[in-house]
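Working notes, structure below.
The values are calculated or read from the model by the stated rules, or taken from the named source; none is laboratory data. This is a predicted model, so every value here is computed, not measured. Heads up, the Cβs are rebuilt from the backbone with ideal geometry, glycines too, and the neighbour counts pull from every protein chain shown.
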Amino acid sequence: MFISLPCCHLQEYRGSVRPFVHFNAKKDAEFLHKAMKGIGTDEDAILMALTARSNDQRQQIKAAYKKAYGKDLVSQLKSELGGLLENLIVALMMPPVLYDATLLHKALKGAGTDDQVLIEILASRTGEQIKEIIKVYKKEFGGKLEKDISSDTGGCYGRLLVILLQVKKGPECALPLQDLYDAGEAKFGTDEEKFITILGNRSSEHLQKVFGAYKKLCGSDIEDSIKGETTGNLEDLLLAVVKCTRNVPGFFAESLYKSMRRAGTDDDTLMRIMVSRSEVDMLDIRANFKKMYGQSLYTTIQEDTAGDYQKALLYLCGGKD
């Protein structure tokens, strides 16, 4: 049964996908069964139904489908769909924490390390989300996320990833400006350890103050120092931490833009962000995208994708700006 949220919660809700008001898991399960029965599959019906339900409601549909037909809904969807649409629908059917844990496992256990996934998830998720991801990762994959990250990465980059997993924020009594300045701008060669200790161990609220005061002291943004003093994965991770501290939706707007506006579409990134942020802050991501690039996210997706996959992404986007 759908329980309507109090008004104050509705005002705070920034996702583009909301719980479906007249929700009935049993009816939805029947609807999906009909869409997959017989010759041919009604892809449009499937994606319309699933993109218009919250993740919690999709889990209820999954349970109702199993009860009614004795089959796993995700397995059925996989056998009926293909390509990018299949990947997108399967991602939508996973609970968010399991989706994050699965992405991290794949990033670490595939051929080579997918650093973009590690950076995006660990820089942008809240402390509580990271705690849950660690638990689910162990339960699903039988290993410790910290250990897997340590064995797959190295140097200051690997250490900062591990620090971000700890979710313990350090002492905040004094702004470590001189430390940051000494670590970068003031010396030839960079004390990367200081950078990662300061940026990895303090809360967002504290870091906001640090960045403001740093600009006054040095006359430049912390991002400029990071770009001038570091390279490679460490630079990308430090910049992601700073961007997420300043503005998480802005960070994702930039990532979405890059996924579509380079040669060829980076569908993995596009899909990952559209799925994982659709119930979190997609409205804010859209607003940031329009402000930063002068074009709506909706139109950009239209120009860069096609078919039922495009339709599903547009439903998740939720509208033009």
Inset, instruction - Can you give me the number of residues within the range 60-74 that are in contact with a Phe, Trp or Tyr (Cβ under 7 Å, 6 or more places away or on another chain) and more than 20 Å from Pro95 (Cβ to Cβ)? - result: 0
Inset, instruction - Give the residue, chosen from Ser259, Ser225, that is outside the structural domain of Lys194 (by TED's automatic domain parsing) and in a helix (DSSP H, G or I). - result: Ser259
Legend entry - All positions within the range 153-165 that are in a helix (DSSP H, G or I) and either over 21 Å from the mean Cα position of the chain (by Cα) or of a type in the set (Gly, Ala, Ser) (or both): Gly155, Cys156, Gly158, Arg159
Inset, instruction - Identify, from the list Gly40, Gly15, the residue that is outside the structural domain of Val136 (by TED's automatic domain parsing) and modelled with pLDDT of 95 or more. - result: Gly15
Inset, instruction - Search the range 81-97 for residues that are acidic (Asp, Glu) and pair each with any residue that is buried (at least 16 other Cβ atoms within 10 Å of the Cβ) and assigned to a helix (DSSP H, G or I) when their beta-carbon atoms are under 9 Å apart and the residues are at least 6 apart or on different chains. - result: Glu86/Leu77; Glu86/Glu80
Inset, instruction - Return yes or no: is Leu199 modelled with pLDDT of 65 or more and in the same structural domain as Leu104 (by TED's automatic domain parsing)? - result: no
Inset, instruction - Could you check, for the range 283-293, whether at least one of its residues is assigned to a helix (DSSP H, G or I), among the polar types (S, T, N, Q) and closer than 30 Å to Lys194 by Cβ? - result: no
Inset, instruction - Could you identify the single residue in Lys194, Lys243, Lys209 that is part of a helix (DSSP H, G or I), modelled with pLDDT of 80 or more, farther than 20 Å from Ser255 by Cα and charged (D, E, K, R)? - result: Lys209
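Given the criterion part of a helix (DSSP H, G or I), buried (at least 19 other Cβ atoms within 10 Å of the Cβ) and among the basic types (Lys, Arg), identify the matching residue among Arg58, Arg53. Give the derivation first.
Details: Arg53 fails: part of a helix (DSSP H, G or I).
Result of the check over Arg58, Arg53: Arg58.
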Inset, instruction - All but one of (1) in contact with a helix residue (DSSP H, G or I) (Cβ under 6 Å, 6 or more places away or on another chain); (2) within 27 Å of Val210 (Cβ to Cβ) hold for Gln166, so report the exception by its number. - result: (1)
Inset, instruction - Could you list all residues from the range 264-281 that are touching a Leu at 6+ places or on another chain (Cβ under 7 Å) and either of a type outside the set (Gly, Ala, Ser) or not assigned by TED's automatic domain parsing to the domain that holds Thr305 (or both)? - result: Asp267, Leu270, Met271, Arg272, Ile273, Met274, Val275
Inset, instruction - Name every residue in the range 296-321 that is over 16 Å from Phe252 (Cβ atoms), assigned to a loop (DSSP other than H, G, I, E, B) and not hydroxyl-bearing (Ser, Thr, Tyr), in order of residue number. - result: Ala306, Gly319, Lys320
